[in-house]
1. For CYS65, CYS100, what's the fewest-to-most ordering of other Cβ within 10 Å of each Cβ?
2. How big is the dipole moment of region 288-384 about its Cα centre under a simple scheme where the beta carbon of each Lys and Arg is +1, that of each Asp and Glu is -1, and everything else is neutral? Debye, nearest 20, please.
3. Rank-order 26-38, 410-422, 168-180, 362-374 by packing density, defined as the average count of other C-beta atoms within 10 Å over each peptide's residues, highest first.
4. For the residues VAL132, VAL10, what sequence is obtained by ranking on other C-beta atoms within 10 Å, fewest first?
5. For the chain, what does the relative contact order come out to in percent, with C-alpha contacts under 8 Å and a separation of six or more?
6. Rounded to the nearest 5, what % of the DSSP beta bridges within the chain are antiparallel ones?
7. Filter the chain for me: DSSP H helices, axial length by Cα at least 24 angstrom, mean Kyte-Doolittle hydropathy not below -0.5. List them by residue number.
8. Testing the spin-label approximation: label points 7 Å from Cα along Cα→Cβ at ALA392 and ASP304. State their distance in nm.
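Just so you know, all these numbers are worked out from the coordinates, no wet-lab data involved. Bear in mind that the values here come from a model prediction, so they are computed numbers and not experimental data. Here the Cβ positions follow ideal geometry from the backbone for every residue, glycine too, while neighbour counts run over all protein chains shown.
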Amino acid sequence: MGEARRVIVVGGGLAGLAAADALAGAGLDVTLLESRRSLGGRAASFEDPRGGGLVDACQHVAMGCCTTFRDLCRRAGLADALRTDRTLWFIGPDGRRSACTPVRWLPAPLHLAPLLVGMRHFSLGERGALAVGMLRLARLRTIDPTLTAAAWLLAIGQPERVIRLFWQPVLESALGESLDLVGLGAARKVIVDGFLAHPQAADLLVPVVPLGELLGVRLAGWLARRGVTIRTGCTVDAVRIGSDGVACGTVSSGAESPAAAVVVAVPWRAAARLLPGIAPAADEQLSGSPITAIHLWFDRDIIDLPHAVLVGRTSQWVFRPDARGQSGATGYCQVVISASRGLRGGDRQQLVDTVVAELREVFPAARDATLRESRVITDPTAVLSVRPGVDAVRPLAATQVPGLFLAGDWTATGWPSTMEGAVRSGRAAATAACRHLGVPTPETVPDLPRSWMTRLLAGRAD
Ligand SMILES: Cc1cc2nc3c(=O)[nH]c(=O)nc-3n(C[C@H](O)[C@H](O)[C@H](O)COP(=O)(O)OP(=O)(O)OC[C@H]3O[C@@H](n4cnc5c(N)ncnc54)[C@H](O)[C@@H]3O)c2cc1C
């Protein structure tokens, strides 16, 4: 294949991997360049110090509404590596457990009735207020782009306990940012597409093998078999733009790689460095939000649920490893805290003590267990902060330079900064590149269809 059909993808996170998949599917000659030694980007794993195998730096989950991510996993033969948890487990401030299972046979949004009824830490009045709040959010047709979710919830009179024990944990974990900072439009997206749209929308998809294996080995292997050339340990220092103003390759350590199109699928700060004047100026226009994972190794297994949302506590989500793969070490569990800036004043030991004390309050088996080891990992720019007005800054895939395309969870996908957003961005960039090169574009993966009742309530689509 000649250079006329060669496309270089810069960045081997989910956006770059998805772009490479779609470009290879269009019959193009794809080379993927990744600066690290392994693929997967922010969805990464490390070696368990206690010999349990690979552990995810931070547990990632997707939802049933993440159709493009699921489609990629299905086609790559990875569907078996995702467990579907239909029941969401909440643990209230008093330690009471609520198993919330949407009903598949009821038309959306009625399928959520058990979720509302099931939340035992809420009074009847609070459950009613929550239902009204969700419906009012869905019915919003015009979103004030300057309004935060917190400001809107207060303005419509949502009770403090409902905000603190539902909206805060649900929206903060879905968007990775604090309720005081997220834009109202992003909050509506989570509630409509992630809960109200379809009976399967809120299914929790939990990888049962480490992300390092899922993406770095299995997905990468599948792409290589489809003809994608993958080069890791290769940092791209510049994108070459020819005298005709068209992107014509990349430069790494002084060596040029010619191409007919380039997809840059790196995080927003790296994009701003690589493409000044083309990508948005990172720190002035876009900011990140931190997520912290607290890895704990006890002398025995302490968690008797597959996952749990701890509401009204510092700990937000707790996961135990799946017997099929995630760190095999006995007694391992992981607590995830989104929007974790300033947690316990940055004192790691204090944070571990707080989290362990909370686990002992809600999981009886933890009371007699001994903590053998802990590790706190914070990614300070884990996700793009979806603040009011951010959509005006998130760039589209096509740039002002012909042949140069942007991908990444931070680009204008209409989705929060998630695995689904990353995969969508990769496909969008590949579609734009295919158009530029005059080859057939990849098919669009449909969203979960909205039920007639949800369409009446929230509209056909956003
Ligand atoms: C702690 C944490 C928890 C998260 N939890 C969830 C979750 O539960 N669910 C969910 O859906 N999402 C979650 N996310 C978000 C999710 O990980 C990201 O949205 C997604 O992985 C982003 O993919 P990406 O390809 O856009 O970017 P990245 O994964 O950042 O990939 C970009 C790649 O580009 C490479 N690169 C950068 N510069 C260069 C260069 N010059 N040359 C070559 N390569 C370069 C980088 O090394 C990297 O591999 C979480 C993220 C973090 C950090």
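1. On the way: CYS65 24, CYS100 19.
Ranked by crowding around the Cβ, least crowded first: CYS100, CYS65.
2. 140 debye
3. Ranked from most to least packed, the peptides come out as 410-422, 168-180, 26-38, 362-374.
4. VAL132, VAL10
5. Contact order relative to length: 25 percent.
6. 75 percent
7. Numbers: long enough: 419-437 (27 Å, 0.04).
Helices meeting the criterion: 419-437.
8. Between ALA392 and ASP304, the label points sit 5.3 nm apart.
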